[in-house]
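Okay, structure first, notes after.
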Protein chains: 2
Amino acid sequence: MIDLSNELAIGIDIGGTNTKYGLVNHRGEILEKGDIRTDVHENVESFIDAVYDVLSPIIEKHKGDGVVKGIGIGAPNGNYYTGTIDYAPNLTWQGIVPLVKLVTEKFHLPAALTNDANAAAVGEMNYGAARGMRDFIMITLGTGVGSGIVANGQLIYGHDGFAGELGHTVIRPGGRKHWSTNIDGSLEAYCSATGIVLTAKELLQQSKEESSLRQVNPDELSSKIIYECAVKGDPIAKEVYRFTGQILGEALANFVMFSSPEAIILFGGVIKAGDLIMLPTREHMEKNLLPIFQDKVKLIFSELKEADAAILGASALVWDLRE
Amino acid sequence: MIDLSNELAIGIDIGGTNTKYGLVNHRGEILEKGDIRTDVHENVESFIDAVYDVLSPIIEKHKGDGVVKGIGIGAPNGNYYTGTIDYAPNLTWQGIVPLVKLVTEKFHLPAALTNDANAAAVGEMNYGAARGMRDFIMITLGTGVGSGIVANGQLIYGHDGFAGELGHTVIRPGGRKHWSTNIDGSLEAYCSATGIVLTAKELLQQSKEESSLRQVNPDELSSKIIYECAVKGDPIAKEVYRFTGQILGEALANFVMFSSPEAIILFGGVIKAGDLIMLPTREHMEKNLLPIFQDKVKLIFSELKEADAAILGASALVWDLRE
């Protein structure tokens, strides 16, 4: 028997502006964490040097606590099979970036890469709400809508490493055009924070009803402000969340009939609206399900602290690394 | 090394009216086959007795050719995990039928059960177009629309054994109500043979255009007749298949963004329309995909003979049976 209890993992979450990093143990406890800027590094080599400079003293300091087994990385368009970041629109480094190769060479440690929502799913399976589950879907509802799908206890990467782009599935054919993909009527066009603001602007234009949202400068309208108005009973703000929940529920019904998960785990700023969005979500999900799927699927919230979830998710990739 | 080459499998495909059965070897060759009526048996025990009566002489006769390893069964609402048929609308036996238990007791052979479309996917993986593929989606387009999804080399059964009901995903919210599920705008409501006839009737009503379909008694209209008229250049019949292909393509795009398969394998009467349906299908699939998925997914036809596919699919379940 090998004692795994003293193994440690590094988790790195690369975002367009900032990169978070942390040192994590098997129980999902973060021993150290921090962040650096991503966007100041014009080339990826200088970025990796900067990550190395902050992480090597941490690795040195915790030598006594355990062996660092590897580095897990979550990044937009991160490909698990190739270890590359492919054409990520939010990152300065263009084209195909061989991230795993570069990180391994620099740190002399094995590394694994996937996109941020897939990493979130692996984090939830290792440390969070999906512990012990073999079939679940993770949906992250923030600025965008991401997803990670686990079936038979394994993350679905697809034949090319890019599976699980549920935010870009079409749920309203011919509907709202997405601002960057140009796809009409995708889930992200409605159920992201950006989509919620667009729905509010549309409803304010279409209706003559009184609304405290009319006092807000349209350029400053945010999903948070809409939520605050909804809580105070503003009818248009409430309708924005009801409509968003309806679209989300219809989309979730389709996902359930695909992989029949035990649970759908929701994460991100949008779900802070609680029942305002979740009640219509559940209603419209159940309504669009075949009877054999009804009243079975758990809709639950992530159990990971929002600030730590990205690091934890990335770190959890390490536990599946083969030697 | 155990020599597997002389193992044989029994495949049974249970339909509402008829049940097909066959004895199959590892190469997918059917040594014997036949069929019996399903609907004349008011209880499942009498049905299993009838299956036993036709199969036991076959098993006896082929004793010299190999060892029968087990029995694979495809049936509507067949559940792989529980071995039961649950509330199948087309079968006389109501409620939950413990089919695997009853078959095992009668034949003294291990048995496995799943729904017919899942069995088709397993058949394609073992003997057909999906040999060597680890990620593909099987879509059967006949009277209904069924599906089987393979990811990481495994069929996705979901947490309850019912995954892969893609025919019931909603592709036109608020659209055509399905005649039996009552779900609005599901794929099956448009892309099944039944859906195609409904589309033709709608188009004939909405348009005043000349069409040879107007000479057909509406009660006798079938997807086959519509296809024959389309081939002769009838504009409404052609539009029926173009529209059906559009809906199918939009649905396939959503499925691709879920599990990123290497191929989608199509099977069933509807695809006999060939390019009439497949050209719009591919066009609208590609149009609704993120660039990272475009021009990658193979759209291919089943390689199994239609008459044998159900028996082959069911038999292939046997090769994964654990001792």
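The values are calculated or read from the model by the stated rules, or taken from the named source; none is laboratory data. Everything numeric in this text was worked out from a predicted model, so none of it was measured. All Cβ positions, even for glycine, are placed from backbone atoms using ideal geometry, and neighbour counts span all protein chains on display.
Please work out which one of (1) of a type outside the set (Ser, Thr, Tyr); (2) more than 14 Å from every other protein chain (Cβ to nearest Cβ); (3) in a loop (DSSP other than H, G, I, E, B) is the condition B:LYS296 fails and give its number.
The single condition B:LYS296 does not satisfy is (2).
Of all residues in region B:246-276 being over 30 Å from A:TYR80 (Cα atoms) and within 14 Å of chain A (Cβ to nearest Cβ), which is surrounded by the most Cβ atoms within 10 Å (Cβ to Cβ)?
This residue is B:ILE247.
Does A:LEU279 qualify as being away from every other protein chain (no Cβ under 14 Å), in contact with a Pro (Cβ under 8 Å, 6 or more places away or on another chain) and surrounded by fewer than 22 Cβ atoms within 10 Å (Cβ to Cβ)?
No: the conditions fail for A:LEU279.
Name, by its number, the condition in (1) in contact (Cβ under 8 Å) with a residue 12 or more places away in the chain; (2) at the interface with chain A (Cβ under 10 Å from one of its Cβ atoms) that does not hold for B:LEU91.
With respect to (1) in contact (Cβ under 8 Å) with a residue 12 or more places away in the chain; (2) at the interface with chain A (Cβ under 10 Å from one of its Cβ atoms), B:LEU91 is out only on (2).
Provide a single number: the residues in region B:232-243 that are away from every other protein chain (no Cβ under 14 Å), in a helix (DSSP H, G or I) and in contact with a Leu (Cβ under 9 Å, 6 or more places away or on another chain).
So the answer is 7.
So is B:VAL197 within 30 Å of A:ILE292 (Cα to Cα), away from every other protein chain (no Cβ under 14 Å), aliphatic (A, V, I, L, M) and buried (at least 16 other Cβ atoms within 10 Å of the Cβ) or not? First the steps, then the outcome.
On the way: within 30 Å of A:ILE292 (Cα to Cα): yes; away from every other protein chain (no Cβ under 14 Å): yes; aliphatic (A, V, I, L, M): yes; buried (at least 16 other Cβ atoms within 10 Å of the Cβ): yes.
It is true that B:VAL197 is within 30 Å of A:ILE292 (Cα to Cα), away from every other protein chain (no Cβ under 14 Å), aliphatic (A, V, I, L, M) and buried (at least 16 other Cβ atoms within 10 Å of the Cβ).
Take region A:179-190 and flag every residue that is within 19 Å of the chain's Cα centre (by Cα) and at the interface with chain B (Cβ under 10 Å from one of its Cβ atoms).
A:THR181, A:SER186, A:LEU187
Six or more apart or on different chains, Cβ under 8 Å: which pairs go from a residue in region B:133-146 that's in the same structural domain as B:VAL270 (by TED's automatic domain parsing) and buried (at least 24 other Cβ atoms within 10 Å of the Cβ) to one that's in a strand (DSSP E or B) and among the hydroxyl-bearing types (Ser, Thr, Tyr)? Could you list them?
That search, which allows pairs on different chains as well, returns B:ILE137/B:SER147; B:MET138/B:SER147; B:ILE139/B:SER147; B:THR140/B:SER147; B:GLY146/B:THR140.
Answer yes or no as to whether B:LEU155 is away from every other protein chain (no Cβ under 14 Å), within 17 Å of the chain's Cα centre (by Cα) and either surrounded by 21 or more Cβ atoms within 10 Å (Cβ to Cβ) or not polar (S, T, N, Q) (or both).
In short, no.
Could you identify the single residue in A:VAL170, A:VAL150, A:VAL216 that is more than 10 Å from chain B (Cβ to nearest Cβ) and within 23 Å of A:ILE137 (Cβ to Cβ)?
Matching residue, one of A:VAL170, A:VAL150, A:VAL216: A:VAL150.
Going by what's in this entry, would A:GLY78 be described as away from every other protein chain (no Cβ under 14 Å), closer than 16 Å to A:VAL103 by Cα and buried (at least 20 other Cβ atoms within 10 Å of the Cβ)?
no
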